[in-house]
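Asks: Supplied in structure tokens, the structure appears directly below.
The values are calculated or read from the model by the stated rules, or taken from the named source; none is laboratory data. Fair warning: this is a prediction, and the values are worked out from it, not measured in the lab. Cβ atoms come from the backbone with ideal geometry, glycine included; neighbour counts cover every protein chain shown. Protein only, heavy atoms only, side chains kept; ligands, DNA and RNA dropped before computing areas. Shrake-Rupley method; radii C 1.70, N 1.55, O 1.52, S 1.80 Å.
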Amino acid sequence: MAIDSDVVVIGGGLAGISAALAAADAGAKTRLVTANQSTLRQASGLIDVMGYPPDAAGTDASQRGAPARTDGGPVADPFEHIPDLPEGHPYERVGVDAVRDALAAFDEVVEGYTGEHTDANALVPTNGGAIKPTARYPVHTADGLASDDRDALLVGFESLTDFDAPLAAEHLLAAGVPFAVEGVTVSFPGELRADAKTTRFADLLENDEIPAAKGGTSSGGTGGGAGGGRAGAVHRTRTGSCRAKLVERIDDAIDDATVDPERVGFPAVLGEDRPSAVRIDLSDRLGMPVFEVPTGPPSLPGIRLENQLHEALEARQVWVADGQAVVDFTATDGRDEDRRIEQLQVETPGGGTTPVSAEQYVLATGGLVGRGIDSERDLVREPIFDCHVPHPEDRYDWFADDAFGDHPFAAFGVHVDRSLRPLDADDGIEFENLRAAGSVLGGYDFAAEKSGAGVSIATGHAAGTAAAEEI
Ligand SMILES: Cc1cc2nc3c(=O)[nH]c(=O)nc-3n(C[C@H](O)[C@H](O)[C@H](O)COP(=O)(O)OP(=O)(O)OC[C@H]3O[C@@H](n4cnc5c(N)ncnc54)[C@H](O)[C@@H]3O)c2cc1C
């Protein structure tokens, strides 16, 4: 017998979670089915709404699937350009009020983010030293804003190659930031593999532990940690405070630096579960504000955000089926808006399938990265329901001549009506009870526009709300 819900959301990224939260908040019995990890764990944790709006080119249906074209920027107000976006852009479909409603719902659910106090984009330095216009950002990055004129020191670690602090500082200076900045690389206390992951640093900083060398205990710690292990054993040992030792090294670097910093930036590794405690402790010890520069993948800010969103799903009793792909479906006969999805087939961990059914469905399976959109030699398709994905027939037209140009494939995805229902090649509704959200949608290029998380939250929230309204 099929497992029955009011709303089933397919895909557990930012769009799917936003849809499931909205549907549950509207009173619908909601289930979320997701195959693998989403891009949340790779993305920076910044919520970009609109940094570089496309110009108004490509407004007619024949040009749908054309790439967004940026005309300068970044823009100060991410909402200002939404009313002027080309027809078919996901924000144009839902409208600016829905974008604001969705962000308000995000602000309500997620703690430790800021940016809601203003309609202006914040300018956040990235790990490469670029400057990202973003609408919401973790409080841990707040003291690092590029609009702030306090001089800064960026600290990288020898064993964390993801963040090259001297290079990032160089790029920030080249970008004309209004402060002096220098980057230094210090060795992280204790023995760490050269390719240690960000999660390892986070764990050590959070637990304030110095990692031991393989086959022995670590040495050289300062501060009074509890040791207590057998010498020579491979185990977690605490021979000193990792944070105290790190601050000693940074103090030495500050003595040698050419800038007299008023704030210190680290890669985003200041703890997974308790980043505020780590950041505040380091700030106290250094005597100046400390901030994180978004780093990854894997991205600690993205993981922290995902953890919070999963707690919110649990609090709303959304049933989450993780590691389970939707592989097939059945639908009623009929044409256009009469046609309804009846049941999904979901792959179970044991290798079989189980039926799942609902009144309403939300497709939030991601774009080309998440495999919500598949590209074959001459075809771009949406693999579950075979929803129409507009794209030029000739594969050579999928790419711009200039490698750094606006590539049409970046905006490939399903196109939807204003209720976010996927449209077929004749602009008819594919299924009466299916909506789509997030990067499975076409008509925008999130990387060029800097609109990825914003589109997922806005369309996810709108799709979940609309689906619940029809129950
Ligand atoms: C490296 C990287 C960095 C980024 N940085 C930023 C940034 O700094 N700021 C920003 O705003 N945006 C950023 N983005 C973009 C942003 O992360 C995405 O636009 C957005 O999160 C996409 O969310 P989504 O839910 O639509 O898709 P996804 O996150 O791709 O999630 C789709 C989910 O659907 C699941 N799924 C797919 N097929 C099935 C199936 N058949 N059955 C069940 N489940 C299925 C997938 O397993 C996945 O969990 C970045 C993206 C990437 C890749």
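Residue-wise test of (1) within 16 Å of the ligand (Cβ to nearest atom); (2) open to solvent by less than 30 Å² (accessible area, probe 1.4 Å); (3) within 30 Å of ALA268 (Cα to Cα).
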position	(1), (2), (3)
SER299	yes, yes, yes
VAL320	yes, no, yes
PRO349	yes, no, no
VAL362	yes, yes, no
ASP378	no, no, no
PRO383	yes, no, no
HIS388	no, no, no
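Asks: List pairs: first in segment 177-194 and open to solvent by 40 Å² or more (accessible area, probe 1.4 Å), second assigned to a strand (DSSP E or B) and β-branched (Val, Ile, Thr), Cβ under 9 Å, 6+ apart or cross-chain?
Replies: So the pair list comes out as THR185/VAL155.
Asks: Within the bounds of segment 296-303, is there any residue that is hydrophobic (A, V, I, L, M, F, W, C) and more than 25 Å from VAL184 (Cα to Cα)?
Replies: Taking every residue of segment 296-303 in turn, at least one turns out to be hydrophobic (A, V, I, L, M, F, W, C) and more than 25 Å from VAL184 (Cα to Cα).
Asks: Okay, next question. If GLU108 satisfies all but one of (1) part of a helix (DSSP H, G or I); (2) farther than 23 Å from LEU246 by Cα; (3) open to solvent by 60 Å² or more (accessible area, probe 1.4 Å); (4) in contact (Cβ under 8 Å) with a residue 12 or more places away in the chain, what's the number of the condition it fails?
Replies: The number of the failed condition is (4).
Asks: Is at least one residue of segment 322-330 in a helix (DSSP H, G or I) and open to solvent by 10 Å² or more (accessible area, probe 1.4 Å)?
Replies: The answer is no; no qualifying residue exists.
Asks: Kindly establish whether VAL75 is β-branched (Val, Ile, Thr), over 30 Å from ALA24 (Cα atoms) and touching a His at 6+ places or on another chain (Cβ under 9 Å).
Replies: yes
A quick yes/no check of all residues on (1) at pLDDT below 90; (2) in a helix (DSSP H, G or I); (3) within 15 Å of the ligand (Cβ to nearest atom); (4) more than 24 Å from the chain's Cα centre (by Cα):
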position	(1), (2), (3), (4)
GLY12	no, no, yes, no
ILE17	no, yes, yes, no
LEU21	no, yes, yes, no
ALA28	no, no, no, yes
GLN37	yes, no, yes, no
ALA57	yes, no, no, yes
PRO67	yes, no, no, no
VAL75	no, no, yes, no
GLU87	no, no, no, yes
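Asks: Considering segment 263-284 alone, what residues qualify as being of a type outside the set (Phe, Trp, Tyr), open to solvent by less than 10 Å² (accessible area, probe 1.4 Å), within 21 Å of ASP251 (Cβ to Cβ) and in contact with a Gly (Cβ under 9 Å, 6 or more places away or on another chain)?
Replies: ARG263, GLY265, PRO267, VAL278
Asks: Please pick out the residue among THR199, THR258 that is open to solvent by 10 Å² or more (accessible area, probe 1.4 Å), among the polar types (S, T, N, Q), under 19 Å from HIS140 (Cβ atoms) and modelled with pLDDT of 90 or more.
Replies: None of the other options fit; the residue is THR199.
Asks: Within segment 432-471, take every residue that is open to solvent by 10 Å² or more (accessible area, probe 1.4 Å) and acidic (Asp, Glu) and give me the one that is nearest to the ligand (Cβ to nearest atom).
Replies: Only one residue tops the list, namely ASP445.
Asks: Now for a separate question. On the given criteria, is GLY128 open to solvent by 10 Å² or more (accessible area, probe 1.4 Å) and not aliphatic (A, V, I, L, M)?
Replies: Spelling it out, GLY128 is indeed open to solvent by 10 Å² or more (accessible area, probe 1.4 Å) and not aliphatic (A, V, I, L, M).
Asks: Test each condition in (1) touching a residue at least 40 places away in the same chain (Cβ under 8 Å); (2) in contact with a helix residue (DSSP H, G or I) (Cβ under 6 Å, 6 or more places away or on another chain) for THR141 and report the one that comes out false.
Replies: If we test THR141 against (1) touching a residue at least 40 places away in the same chain (Cβ under 8 Å); (2) in contact with a helix residue (DSSP H, G or I) (Cβ under 6 Å, 6 or more places away or on another chain), just (2) comes out false.
Asks: Read through the list (1) within 13 Å of the ligand (Cβ to nearest atom); (2) out of contact with any strand residue (DSSP E or B) (no Cβ under 8 Å at 6 or more places or on another chain); (3) in a loop (DSSP other than H, G, I, E, B), then give the number of the only condition that LEU309 fails.
Replies: Checking LEU309 against (1) within 13 Å of the ligand (Cβ to nearest atom); (2) out of contact with any strand residue (DSSP E or B) (no Cβ under 8 Å at 6 or more places or on another chain); (3) in a loop (DSSP other than H, G, I, E, B), the one that fails is (3).
Asks: Here's another thing I want to ask about it. Taking segment 414-431, which residues are within 16 Å of the ligand (Cβ to nearest atom) and at positive phi?
Replies: LEU420, the sole residue that qualifies.
Asks: (1) under 22 Å from the mean Cα position of the chain (by Cα); (2) away from the ligand (no atom under 15 Å from the Cβ); (3) at pLDDT 95 or above: which one isn't true of LEU32, the others all being true?
Replies: (2)
Asks: I've got another one for you. Looking only at segment 392-404, decide whether some residue is closer than 22 Å to GLY452 by Cα, of a type outside the set (A, V, I, L, M, F, W, C) and modelled with pLDDT under 95. Reasoning before the result, please.
Replies: Kept after step one, since they are closer than 22 Å to GLY452 by Cα, are these residues of segment 392-404: 398-400, 403-404.
Within this subset, residues satisfying the condition of being of a type outside the set (A, V, I, L, M, F, W, C) are none.
Within segment 392-404 (the criterion being closer than 22 Å to GLY452 by Cα, of a type outside the set (A, V, I, L, M, F, W, C) and modelled with pLDDT under 95), the answer is no, since none of the residues qualifies.
Asks: Next question, about the same structure. Would you mind stating whether HIS171 is open to solvent by 40 Å² or more (accessible area, probe 1.4 Å) and part of a helix (DSSP H, G or I)? Even if it seems obvious, please write down each step before you answer.
Replies: Working: open to solvent by 40 Å² or more (accessible area, probe 1.4 Å): yes; part of a helix (DSSP H, G or I): yes.
Spelling it out, HIS171 is indeed open to solvent by 40 Å² or more (accessible area, probe 1.4 Å) and part of a helix (DSSP H, G or I).
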